Amino acid sequence: MADRERAGLAIRIRGQVQGVGFRPFVWRLAQAQGVTGEVINDADGVLIRVVGATQAFLDALRTDAPPLARIDAVETTPHMFDVPPRGFRIAPSGTEEGARTPVTPDVATCDDCLAEIRDPSARRHGYPFANCTQCGPRLSILDRLPYDRARTSMAAFEMCEACRAEYEDPGDRRFHAQPIACPACGPHAWIEADGERIDADPLDESARRLVAGEILAIKGIGGFHLACDATDAEAIARLRARKRRPRKPLALMAPLHVLCRHADPTPEELARLQSPAAPILLLRKAGVSLPDALAPGQPTLGWMLPYTPLHHLLFDRLDRPLVMTSGNLSGEPQAISNEEAREKLSAFADAFLLHDRPIRRRLDDSVERITPQGPMILRRGRGRVPETLDLPPGFDEAPETLALGGDLKSAICLTKMERALLSHHLGDLEDALSFAEMRKAITDYRHLFEHRPALVAADLHDGYRATRLARALAEELGAPLVRVQHHHAHLAACLAEHRWPRDGGRVVGLVLDGLGLGPDGTIWGGEVLIGDYADYARLAWLKPAPLIGGDAANRQPWRNLLARLDDAGLRELAEQRLSGKPLATLRRAAELGVNAPLSSSAGRLFDAFAAWLDLAPEEQSFEGEAAMALEALAMEADEPGFAWRLAREGGAIDPSPLFDPDALTKMEKPALAYAFHATLARAFAKEARTLVEAGTAAAVVLSGGCFQNALLLDLTLRELEGLPVLHHRAIPPNDGGLALGQATVAMARSLR
Ligand code: ZN
Ligand code: ZN
Ligand code: FE
């Protein structure tokens, strides 16, 4: 037998190549090019063994790969077959399948499935659960790995003959589509009201009720939404009252042609909206205005496109946008099972659009924005997890690590085999149900990824529930607990996102944030740090002011105004501005340090300045409300604006000049709001520039919750022009990214 009939290539493909239709794609390619051999899924990705592969075949593996595939590497080695292969086959998978290859996130309905459900002659015409290898539920239905139907919540649905034929046909786009379903064999939707199933087409009936002003609980991919007509101010008011969510912006959903009546997305925004992750994207209001109550005072609205067939079919019956806010009481985790929804949401919803495909994981919609500097992820959820991040160079020997993050916008992080997995958004742990949810998530993710932590990381703050849980876990596992300063973790998260090498040298971190405990016992949050993954030093900071009343100072911006005005020597002005407040008592508390911890928080300075401009509510109804109003107002100012010069005494940068009574009477408020941003940007950037130009730091890192503010980010970057700067694009700059930073700090310390 001639060797050349047996001599071929083994082609190893690494990356996100399982569960995305990669093997059928290779099969079709091999058919078309007359290549013989086989393709197999294994623990390292996809392995192809072939005879007759040309360069065109190898090129096409990359250029023509299915849209959901992400190819990290294609490696070829010679391969000698025992017998010359006849034809091309998809070989059965190795036993370890899936253990190491990433599971894909849930994917928005693809164009082919959409066309099919609208095609009156198709088997799945009007079917709300159509999906294929290019779209549909993934992580949200997964029980355990490896990812196949028997280990998902689709196991209970036995495939009909027609579906099985598609599932087994390598030429079909549903070849090995694990959630494959049709009206004959798959899940069904129905509508209920007052505990009774209604005998009507569930989509027609839902549309009718929404148009009539009702609030519906709609079961989706990662949980329930509460929906109402977004053009109906009265319905919105009812929804807000029932949900006890007075002002926090509500997310909207609409098909593109409806969305474009109320917003004018740029090409980049459009691409993001239409991407497989289908996130909520913040878009500037434009065109026909919608009720202000959707996002009071905000220049943007959070929009997403329909991302399941059920959504599409519902919008085919509606010519208007819907509010689609998570199905929960404010602060609590959203409902996922039908029973839970009936029990918890009946006080909110007039009717329930339900289905019988169980949801295995509570995944909130991701929230993102496109800034002039590129995309920014504010909340990681459905469509984004469980995407992993390759750890930077230098971490290959690191132990498996579990980091628990903070108590607000909490998320956990697991690292293993040079990858980091940052979990979905778990909510605020102050809520007992969210805390229970976090404990569940730890078990769930550890189980899913066969994670055995040898190292546990947590914040310095002993009072965080996440820290207490980390201590208990570390004890239980017999693993060391590494405590990481909050803003050092923010800095490290940004380094890790950019794959900054472990030995890449020290950087200067401008961390403008809410609150985080410092090792000196004060509360930090406006920091200039220098350091790397393992260590840091604090070089400068916003001059501390007392958080008068402790937690109350986080909710009531005027308390921060009082602290800053008193510090600036404007006591009389404070008395005029804040007459009616118990100033004597508050000042005594501040002087004695009674429930008035000192803080260098930049977030609280935003609050103080918003109150200075009369923009802040007496009591914030959600975190960042006042700061968002300040950013929105500043966006109305003419550029270039003016900036105050802030003095530095020792390490403390004094913001007192911002509170300039003269300017307040002479300048327009938008100009003042803009000047506030410009002043902070200039003062902090100046510190960073000095260090980089002196060769003390190799780059500048921008992190912390304040950098969700696109204007602050933009102005800071302008001040840093010409310097290497790292800022967040894929990991939230807020505490949602904290766990990633904690994990890398803990690993780096264990490695030195
Ligand atoms: Zn599809
Ligand atoms: Zn079927
Ligand atoms: Fe933070």
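Some observations on this one:
- The single condition among (1) touching a Ser or Thr at 6+ places or on another chain (Cβ under 9 Å); (2) modelled with pLDDT under 95 that ILE11 does not satisfy is (2).
- Annotation: ALA177 fulfils all but one of (1) of a type in the set (Gly, Ala, Ser); (2) farther than 15 Å from LEU318 by Cβ; (3) away from ligand 1 (no atom under 16 Å from the Cβ); (4) assigned to a loop (DSSP other than H, G, I, E, B); the unmet one is (3).
- PRO137 being surrounded by fewer than 16 Cβ atoms within 10 Å (Cβ to Cβ) and away from ligand 2 (no atom under 14 Å from the Cβ): no
Condition check ((1) within 25 Å of GLU623 (Cα to Cα); (2) touching a strand residue (DSSP E or B) at 6+ places or on another chain (Cβ under 8 Å)) across all residues:
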site	(1), (2)
LEU421	no, yes
HIS425	yes, yes
ASP428	yes, no
LEU433	yes, no
ALA436	yes, no
ILE442	no, yes
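- Being within 30 Å of ALA479 (Cβ to Cβ) and buried (at least 23 other Cβ atoms within 10 Å of the Cβ) is a condition met by no residue of the stretch 676-698.
- Among the candidates ALA632, ALA637, the residue that is in a loop (DSSP other than H, G, I, E, B) and open to solvent by 10 Å² or more (accessible area, probe 1.4 Å) is uniquely ALA637.
- Inspection of the stretch 665-673 identifies no residue that is surrounded by fewer than 17 Cβ atoms within 10 Å (Cβ to Cβ) and under 24 Å from the mean Cα position of the chain (by Cα).
- Residue match in the stretch 24-36 (condition: open to solvent by 30 Å² or more (accessible area, probe 1.4 Å) and in contact with a helix residue (DSSP H, G or I) (Cβ under 6 Å, 6 or more places away or on another chain)): yes
- Test: residue in the stretch 44-51 that is more than 27 Å from LEU389 (Cα to Cα), open to solvent by 40 Å² or more (accessible area, probe 1.4 Å) and at pLDDT 95 or above: yes
- Residues that are more than 15 Å from GLN334 (Cβ to Cβ) and either in contact with a Pro (Cβ under 7 Å, 6 or more places away or on another chain) or among the basic types (Lys, Arg) (or both), drawn from the stretch 432-446: ARG439, ARG446
- Listed by first and then second residue, the pairs linking a residue in the stretch 530-558 that is under 30 Å from ARG506 (Cβ atoms) to a residue that is of a type in the set (D, E, K, R) and open to solvent by less than 10 Å² (accessible area, probe 1.4 Å), with Cβ atoms under 6 Å apart and 6 or more places separating them unless they lie on different chains, are TRP541/GLU527.
- For the stretch 353-425, the strands (runs of 3 or more DSSP E) that sit wholly inside it and include 3 or more residues that are modelled with pLDDT under 95 and open to solvent by 10 Å² or more (accessible area, probe 1.4 Å) are 388-390.
- Check on GLU497, modelled with pLDDT under 95 and either crowded, with 19+ Cβ neighbours inside 10 Å or within 24 Å of the chain's Cα centre (by Cα) (or both): no
- Residue among GLU158, GLU166, GLU214 that alone is within 16 Å of ligand 2 (Cβ to nearest atom), acidic (Asp, Glu) and open to solvent by 40 Å² or more (accessible area, probe 1.4 Å): GLU158
- The number of residues in the stretch 434-464 being open to solvent by 70 Å² or more (accessible area, probe 1.4 Å) and in a helix (DSSP H, G or I) comes to 4.
- Among the residues of the stretch 614-629, those identified as without any contact (Cβ under 8 Å) to a residue 60 or more places away in the chain and either among the β-branched types (Val, Ile, Thr) or surrounded by 15 or more Cβ atoms within 10 Å (Cβ to Cβ) (or both) are LEU615, ALA616.
The values are calculated or read from the model by the stated rules, or taken from the named source; none is laboratory data. Source: prediction; values computed, not measured. Because the Cβ atoms are built from the backbone with ideal geometry, glycine has one as well, and the counts that use them run over all protein chains shown. For the accessible areas, the whole protein counts, side chains as well, though only heavy atoms, and no ligand, DNA or RNA atoms are used. Shrake-Rupley method; radii C 1.70, N 1.55, O 1.52, S 1.80 Å.
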